[in-house]
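Taking it in order: structure first as structure tokens, then the write-up.
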Amino acid sequence: MTHIQNIPHILQFGITHQDSSNRNLNYIVIGDDSLINHRNRKLLPNGQYLGDYIPFYFGFRTPMLYVIQKGYNNVSRTHPENIVYCISNIKTILDLKINFYFTDGHATAAISRFYSIEQIYDIQNILDFDSINERDWKKYPDTKRKKEAELLLESDLPNTGIIGYAVYNENAKEQLVKFGVSDNKIVIKPNFYF
């Protein structure tokens, strides 16, 4: 997920790391600054920091999106029309030869486990897709953590790695088309939002 105003940079350079030579110097942050800072300090088993990776969720309507849309935890409220899902898939990332890790829950949670690229072929047995797709994450214990399982990219994702975009409404779609996104790569999914 990203702010719609970040899309022109993404179209030119892809989704970039904060320390990438192609990073967006005018990047509009929509996330929780305290969580971003925590990720920048969390050391992973491989000696790198969690903040060095580009995170993707496996599903939609995440707890973080709820916080962003509602403006909780001192996060500036962002209207859903200004939030864009950048969609990729495992096959595309493997074809691009981008190394990654994935987690079975929110990457900052102490009980979440990290898995390597070699374990991706067992993903159906590792991740709890019922939790990832659950709309009510308060329904069962630990659903919230599992819903926020992450795919963590080690390097920048070129724009060719983005297979589509999901937006809230027609206005957002029109804005993406004006930026240069092909109409056939955009889907309107209000049910992906709160």
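The numbers here are math on the coordinates, done by the rules we state, and not lab data. None of these values were measured; they are calculated from a predicted model. Glycine also receives a Cβ, built like all others from the backbone with ideal geometry; neighbour counts cover every protein chain displayed.
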Positions within the range 44-102 being of a type in the set (D, E, K, R) and outside any loop (DSSP other than H, G, I, E, B), in sequence order: Asp52, Lys70, Glu81, Lys91, Asp95
Selection count, the range 163-180, where residues are surrounded by fewer than 19 Cβ atoms within 10 Å (Cβ to Cβ), of a type in the set (A, V, I, L, M, F, W, C) and not in a loop (DSSP other than H, G, I, E, B): 2
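Consider the range 1-43. How many of its residues are assigned to a loop (DSSP other than H, G, I, E, B) and under 27 Å from Arg135 (Cβ atoms)? It would help to see each step written out before you state the result.
Looking only at the range 1-43, we keep the residues that are assigned to a loop (DSSP other than H, G, I, E, B), and these are 1, 14, 16-32, 42.
Right, trim to under 27 Å from Arg135 (Cβ atoms) and you get 1, 29-32.
Here the count works out to 5.
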Count - residues of the range 137-162 that are under 15 Å from Asp104 (Cα atoms), in contact with a strand residue (DSSP E or B) (Cβ under 8 Å, 6 or more places away or on another chain), part of a loop (DSSP other than H, G, I, E, B) and not charged (D, E, K, R): 1
Single condition Asn22 does not satisfy, out of (1) farther than 20 Å from Ile98 by Cα; (2) touching a residue at least 60 places away in the same chain (Cβ under 8 Å): (1)
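Go through the range 103-136 and give me each residue that's aromatic (Phe, Trp, Tyr) and either under 23 Å from Lys189 (Cβ atoms) or part of a loop (DSSP other than H, G, I, E, B) (or both).
Initial filter on the range 103-136 (aromatic (Phe, Trp, Tyr)): 114-115, 121, 129.
Matches in the range 103-136: Phe129 only.
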